[in-house]
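Some notes on the structure that comes next.
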Amino acid sequence: MRDSSIDAPISAIPLFHATWLFSLGIALAQYAWLRPSLVLLALLPTAALCCAAAFKAQRVAVVPLALLWCLLGAWCAEMEPHPAPAQKIAALSDGLQRTVEGTVIATGPVRSESLANVDEPSSEGPSQRIDLRVTDMEVVTDTVDELQPAPGGVRLTVHWPQEAQAQPFGCGERVRAVLRLFAPETYRDAGAWSRTDYLLNQGITATAPVNAEQVERLGTAPGRFLSCQLSRLQHSSSARLLALPATMRALPEPLRLSTEDAAMLAAMTTGDRTYLTHPLRAGFERTGSFHMLVVSGFHLAIVAGCLFWLARRMRLPRVPATLLTIAASFVYALFTGFAAPVQRSLWMVTLYLLGRLVYRERSALNTIGFASLCLLAVSPRSLFDAGLQMTLLAVVAIAGVAAPLLESTVHPYLRSTRNLRLVALDVKLPPKLAEFRVILRMLAERIERAFCKGAGWRALPWAVRFSLRCVELVVVSCVVELAMMLPMALYFHRITLFALPVNLVILPLLTVLMPMALMTLAALAVWPAAAVAPGAGTALVLHTGVGLVHFFGSLAWGDVRIATPLLWQALAFCALLAAAMALARGGRWQRRSAWAALALAAGAAVLPRPVDHPHDALLVEALDVGQGDALLLIAPDGTTMLVDGGGFGGGPRQAAQDFDIGEEVVSPALWARGIRRLDVVALSHAHSDHMGGLPSVLRNFHPRELWVGNNPPVAAYAALLDEARALRVQVRSLQAGDARTLGDAQVRVLAPFADYRPGVEPSNNDSLVLRVAYGETSVLLEGDAEAPIEQAMLSEPDLKSTLLKVGHHGSVSSSRPEFLARVQPEWALISCGLHNRYGHPRAEVLAELKEAKVRTLSTDIDGASCFRLDGKTVTAQPFCGLR
């Protein structure tokens, strides 16, 4: 049955228009606060005006109706409650030791250091992430020391000693723990991921590391949680998949699952991503095929399609088959964690299947509009979720552009291959299609005579249909890839040049892989020994897809990183996409114009934008990277330099994790300024809190030069230099007395000295100290240089600087009074993390700066801080105008 929305004018899809108008109202409420009561008052006369226009002036009724949908969107957005921290828990997340009681509501697997991620700081022994629904918390005042009710959620990371056997916690357990709660660390930089918002959306207010001996088990909470049962089922299914490779060792390698394969299958079938490591994800992200690794809407659609096909094969009537498919899809969605993409797909699958029952499958755009309208009405804030935007863009592009284009070109020929022997159908078809059928019959008869009976009338139509389906797949993939340019640029800052060829193979493979993987999972649950056979088939298909992804992912020039698009680029993209949807329903030249409009839309999204910086001043921006350093300098002519790249990324405990701060924090901040390439990257010294994010920065921004001082050749530093050489970055080793230029600014090296010899391990005194001058203003970048180096620098002429980047994050080992007296800064900048375990910045240093009348900003309090050096004066801006 054909989609009537293809032949109908675009004005005949009212629900689609209602959805984008509703979304416009949500967007307006996001960027301009509207008083809900006033919006409600405006709704009443607008609704009355719509009713009057419907009866008296239908031609102009569209205007008040459009306004009505916008106001409804704005009102829903303003009325939606936003996730907020539990007040009492937030007030008590002060780092003091307290007793907390609660019930475990979610758990992760027991993991080792090599598998730690951003939510689970690593340790020397095993650890486990548990989410606790707090009931009581210890409150200590001058007169009170008792447990008081404090409802809310906290996330604990329980650590066992290295030699101990972990005794994992289970969902539903009651526990009492002695711990120190902290607010989640967040990075206040433009474009940076907010861990606070991420946790609040899960109901988590605070986090805490805790040793296992400080956690007392109090038994099982009364009642059984459905979520706990589903979580146990999910984790046990993942565990079975992870154990499967051990039983397949005797098979040939192409038919044998590895541990990484099992981790991928666990993510694809159960939704359990906890075993996906960063290196495993990288190749899929580079080729735009990460959707293969996670349970997404496409996975659920495949499952629903297989279930419906099986139900019809079992000769179930339409109504029971439809209801059974919807129910089974709902159960599977719950089993995989009921994530937002799966919920959206479940809505659309349900509406599609119900539409078949009432013969309303003709308007794809209306179906999409209705499903989206329901989702946005329930949660208006989901409009700003990248997953929802990409899902809607994909289905709108398919239904609004690809389907009309195919209906005018490929689909008529595809339908003409059916009932080829029935000549009477030719007279009812247009001349070109009738001629096409005649040619096919002539070829079929010749093939019959040349080969065997049935070869022509069966094989030829099948081969033609297969070829046309391949063309259909190419058209749909091209349209979707072009439509994905804006969200890929906006949220992932990348153009994946190989996304089209990879997905042309991955998507068909996935339709085979998912049923086979689910068969393997079912066999593991019923008869584990029998799972080897479907597991071998699954391994063969999986290895084909993964091999393709790894091949294209290894090509460095296939993944281009780009800056954040500007507002006008996003608006131009939307306008051109709308034009493509309108043109796709026209004649030949209009269809060609639709392709041109779609290509222009993609080009507008990725068009290079100017770097955001003052053109009459030197910009110094201290990025908020927690307990670490990362400073961006942009000269008036646009020359850029990044000094250090941060490195930790885990909050108060400050443990190394599988969290790349260079990729997740530093790079987005640079892209937000429009930077696509850096001119210089400088490393102060080889400590991880300064160097950890630089490998990603080098890969993302391909700087022309890397400046280093005199550092010991430890493994991480050597790897950074190797990375630079592989990317053809010129490495310059600098020492005191060297001079460089940074556009209109002058750079002088103050340390390390020519006779300095580093130790075996990196130390703070290895720091590369730079003084950057523009006009009569200057900034002194100390790195982590301590008192001995400061004392040696006192012999240098012209140390005076208007801005000082305080050494060693505000430690007492740096910024000594005699050094401050020589520098005479007007402003000081301290880069450190909130609640860091070192106590930076120290009160003594802050007192010295105050006594010297130096105005000070620190990233732990002021977030990303910007300084504008115009050659005469320095002006400071806390949070760089982000607030």
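For segment 330-360, a residue qualifies if it is closer than 19 Å to G271 by Cβ, open to solvent by 60 Å² or more (accessible area, probe 1.4 Å) and in a loop (DSSP other than H, G, I, E, B), and exactly one does: F338.
To keep it simple, each residue is scored yes or no on (1) surrounded by fewer than 17 Cβ atoms within 10 Å (Cβ to Cβ); (2) assigned to a helix (DSSP H, G or I).
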{"residue": "L24", "(1), (2)": "yes, yes"}
{"residue": "W33", "(1), (2)": "yes, no"}
{"residue": "L44", "(1), (2)": "yes, yes"}
{"residue": "A54", "(1), (2)": "yes, yes"}
{"residue": "P64", "(1), (2)": "no, yes"}
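Set side by side, the residues A301, A327, A394, A371 differ, and just one is open to solvent by 30 Å² or more (accessible area, probe 1.4 Å) and farther than 18 Å from M514 by Cα, which is A327. Please go through segment 248-259 and pick out each residue that is in contact (Cβ under 8 Å) with a residue 12 or more places away in the chain and surrounded by fewer than 16 Cβ atoms within 10 Å (Cβ to Cβ). Scanning segment 248-259 gives L251, P254, S258, T259.
The residue that is farthest from F335 (Cα to Cα), among those in segment 549-565 that are open to solvent by 40 Å² or more (accessible area, probe 1.4 Å) and part of a helix (DSSP H, G or I), is W557. Report whether or not R676 is open to solvent by 40 Å² or more (accessible area, probe 1.4 Å), within 20 Å of the chain's Cα centre (by Cα) and either of a type outside the set (V, I, T) or modelled with pLDDT under 95 (or both). Answer is yes for this residue.
Of all residue pairs spaced 6 or more apart or on separate chains, those with beta-carbon atoms under 7 Å, a first member in segment 67-90 that is among the aromatic types (F, W, Y) and a second member that is open to solvent by less than 50 Å² (accessible area, probe 1.4 Å) are W69/A18; W69/L21; W69/F22; W69/G25; W75/P36; W75/V39; W75/L43.
So that you can scan it fast, the table gives a plain yes or no per residue for (1) modelled with pLDDT of 85 or more; (2) of a type in the set (D, E); (3) within 18 Å of L373 (Cβ to Cβ):
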position	(1), (2), (3)
P9	no, no, no
I13	no, no, yes
H17	yes, no, yes
F22	yes, no, yes
L28	yes, no, yes
A32	no, no, no
A47	yes, no, yes
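Of the residues that make up segment 494-511, is at least one open to solvent by less than 20 Å² (accessible area, probe 1.4 Å) and at pLDDT 90 or above? Within segment 494-511, not a single residue is open to solvent by less than 20 Å² (accessible area, probe 1.4 Å) and at pLDDT 90 or above. Those residues that are part of a helix (DSSP H, G or I), of a type in the set (A, V, I, L, M, F, W, C), out of contact with any helix residue (DSSP H, G or I) (no Cβ under 7 Å at 6 or more places or on another chain) and within 21 Å of G337 (Cβ to Cβ), I need them from segment 210-242; list them, please. Selection gives L226, C228, A239. In segment 185-228, the residue that is farthest from K88 (Cα to Cα) out of those that are open to solvent by 40 Å² or more (accessible area, probe 1.4 Å) and among the acidic types (D, E) is E213.
Scanning segment 141-176 for residues that are open to solvent by 80 Å² or more (accessible area, probe 1.4 Å) and not in a loop (DSSP other than H, G, I, E, B) gives D145, E146, P149, P151. Residues of segment 815-853 that are at positive phi and within 39 Å of the chain's Cα centre (by Cα): H835, G839.
Considering (1) surrounded by fewer than 21 Cβ atoms within 10 Å (Cβ to Cβ); (2) within 20 Å of the chain's Cα centre (by Cα), the lone condition that L242 does not fulfil carries the number (2). Looking only at segment 855-883, count every residue that is in contact (Cβ under 8 Å) with a residue 40 or more places away in the chain, of a type outside the set (S, T, N, Q) and in a loop (DSSP other than H, G, I, E, B) and tell me the total. Total satisfying the criteria: 6. The residues in segment 696-741 that are assigned to a strand (DSSP E or B), aliphatic (A, V, I, L, M) and more than 20 Å from H685 (Cβ to Cβ) can be counted, and the count is 1. Scanning segment 570-623 for residues that are closer than 30 Å to A864 by Cα, outside any helix (DSSP H, G or I), touching a helix residue (DSSP H, G or I) at 6+ places or on another chain (Cβ under 8 Å) and among the small types (G, A, S) yields one hit, A622.
The values are calculated or read from the model by the stated rules, or taken from the named source; none is laboratory data. Given the structure is predicted, the values throughout are model-derived calculations rather than measurements. Neighbour counts are summed over all protein chains in view; Cβ atoms, including those assigned to glycine, are modelled from backbone coordinates with ideal geometry. Remember, those area values only see protein heavy atoms, side chains included, never the ligands or the DNA or RNA. Shrake-Rupley method; radii C 1.70, N 1.55, O 1.52, S 1.80 Å.
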